[in-house]
Every structure is written in structure tokens, then in C-alpha cells.
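Peer 1: Sharing a structure with you now.
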Amino acid sequence: MTTLRGKSKDKVFYVAATPYIMYGWKTYDLASNSGISDADLKDDLGLVDGASMTLEANKIYVIRANAPKPSRVTKKLSDIPGGETGSVNSSLAVTTFCAYDKVGTALSKGWSLARQGRGVSITGVQDGQGRQKTALIPIAGGFYAFPADRVTYSQHGEILGYQEPGTTGSQLDKAFSGTSSPKPGNARLKTQNGTFSSYYDEAKKDELMAAGWRLGLPIAGIMPAAGDDSGDTP
């Protein structure tokens with residue numbers, strides 16, 4: 001995420017990709033750059049240090065989602081003289097993610113938009129066209145979205161716990177895809193034509209096992225404690 005080299009990626013930051021989705025990723029200490037402070041990261045970009053953040057009950061915390069993806073912004077740093085570990089004799093720039101509601105602030109503070117953010121793509125639900133359509137699996141207070149074959153929907157969708165999204169509403173607001181965490185477990189079933197596999201809703205675990213499916217464990221991710229609505233993430 002940055003042009004700087006020689007720095008250990010030992011910190012996890014989160015940033016609001018949507019009003020509900022907190023996007024997390026691992027990087028180096030961004031405030032170690034000349035001209036960037038922890039206050040800049042928080043106030044200008046909306047970045048939250050994962051080690052000290054307060055979890056909010058209405059948020060879904062994901063790691064490295066394909067979508068939704070926050071916008072990325074970049075800023076040129078001051079020249080750094082040579083001779084220091086990880087530094088070079090040229091002007092440097094740092095590029096990182098920015099909260100969906102902080103892009104305007106970031107631009108006013110000297111950051112430039114490097115890449116526009118993107119949302120979750122929902123396909124094949126309303127028009128009935130194509131071989132695939134989006135399925136949703138509830139997990140960690142949100143919904144994991146992925147493309148499923150229409151035959152899979154009709155033959156296995158119910159037992160696997162597929163939910164079919166509409167075009168509006170809380171499902172889409174809380175949908176995410178391609179994450180490292182949280183992520184549904186994988187269910188496998190041997191058939192005459194080979195082995196079939198797909199994601200499944202953990203609420204369907206007993207039913208699937210009784211029907212002969214073999215189940216992998218989901219990656220639950222982090223969640224606020226039940227009833228925790230202690231306020232805004234710092």
C-alpha cells in the first residue's frame with residue numbers, strides 16, 4: 001500500500017468502507033512517516049488502530065474484503081535524507097485507504113484520490129439472466145456475498161442456507177465479499193458426478209451433517225460483545 005520499503009507490516013488498521021462495514025488490513029506504522037501523525041490518520045482519513053479500537057455493535061469488521069473496498073488516497077512526503085534504515089534519496093509518497101465519509105476531508109488536507117472505492121456487486125437476481133446469481137450467507141452480523149450457479153440454488157440452496165438479496169435494504173448495506181475474515185465454512189457432498197462444494201450457513205450445520213455433507217469450519221472474525229453499544233470507534 002505504500003512506496004516506502006524496509007518497514008515491517010505489523011499493524012492492523014480499520015476504516016469505514018460503508019456505514020456498516022469496517023475494512024481492516026495489515027500495514028506498517030503509517031504515523032512513522034515524516035509529516036503524518038496519528039491525528040492526521042484519524043481525523044483526515046478516518047483510520048482506526050485495530051489494537052486500541054472500541055468495537056461497535058452495529059458494525060461488521062472484515063479483513064481484506066474484495067468488496068466493499070474503501071477509496072485509496074495518496075500524499076507526497078518531504079524529502080528524506082539517505083543513510084537511515086528504509087529511506088531513500090528522493091521524495092516519497094504514502095498511499096492508504098480512506099473512510100467513505102472522509103474523502104472530502106482528505107482532499108482538503110493535501111491528499112489526492114488514487115483509486116475510487118467500490119461496493120458489492122449483486123448479479124442475476126432481478127433479471128433472471130445468466131448462469132449465476134448472487135447468494136448471501138449470514139455471518140458475523142453481516143452477509144457474505146458470492147456468485148452461485150442457478151442449478152445450485154434450486155438443488156441445494158435451501159439446505160445450505162442461501163439467502164437471495166433484493167436490490168435494496170439492510171442485506172445489501174451489510175453485504176461483503178472475498179474476505180479473509182469473516183468467512184463462511186465450506187460444505188462438501190459426494191454425488192454420482194463427483195464432489196460438490198459451496199459455502200453454508202452455520203445455522204444449517206445439523207441439517208447438513210444429517211444429510212451426509214462434510215463441513216469445514218467458518219472463520220468467524222471479530223464481533224462486539226452482545227449488547228455492546230458503547231459509542232463511536234475512537
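Peer 1: Can you list residues whose amide H is under 5 Å from residue 123's amide H, if they're 5+ apart or on another chain and H is modeled 1.01 Å from N?
Peer 2: HN-HN under 5 Å from residue 123: 134.
Peer 1: Could you work out the relative contact order of segment 160-224? I mean the mean sequence separation of Cα pairs under 8 Å and 6+ apart, divided by the number of residues, in percent.
Peer 2: Once divided by the residue count of segment 160-224, the mean separation gives 39 percent.
Peer 1: Further question on the same structure: Could you list, in their original order, any pairs among 59/190; 26/204; 9/133; 26/183 whose Cα atoms are separated by more than 26 Å?
Peer 2: Beyond 26 Å between Cα atoms: 59/190; 26/204; 9/133.
Peer 1: Among 66-75, 215-224, how do they line up from the highest to the lowest mean number of other beta-carbon atoms within 10 Å?
Peer 2: Peptide ranking by packing, descending: 66-75, 215-224.
Peer 1: Got a sec to turn the phi values of segment 159-165 into Karplus ³J(HN,Hα) couplings, 6.51 cos²θ - 1.76 cosθ + 1.60 with θ = phi - 60°, whole Hz, x for Gly and Pro?
Peer 2: 5, 7, x, 4, 10, 8, x
Peer 1: Next question. Local charge sum around residue 148 (other residues, Cβ-Cβ under 11 Å, Lys/Arg +1, Asp/Glu -1)?
Peer 2: Its environment carries a net charge of +1.
Peer 1: Sticking with this one: Please list, in chain and number order, the residues 5+ apart from residue 92 or on another chain whose amide H is under 5 Å from its amide H, with Hs placed from the backbone.
Peer 2: Those lying under 5 Å, H to H, from residue 92 are 77, 80.
Peer 1: Now, a different point. Which whole-Hz ³J(HN,Hα) couplings does segment 209-218 yield from phi under the Karplus relation 6.51 cos²θ - 1.76 cosθ + 1.60, θ = phi - 60°, glycine and proline marked x?
Peer 2: My calculation for segment 209-218 gives 5, 5, 8, x, 7, 9, 10, x, 7, x Hz in order.
Computed from the coordinates by the stated procedures, all read-outs in this text should not be read as laboratory data. As the structure is a computational prediction, the values presented were derived from the model and not from experiment. Counting neighbours? That spans all protein chains shown, and the Cβs are built from the backbone with ideal geometry, glycine included.
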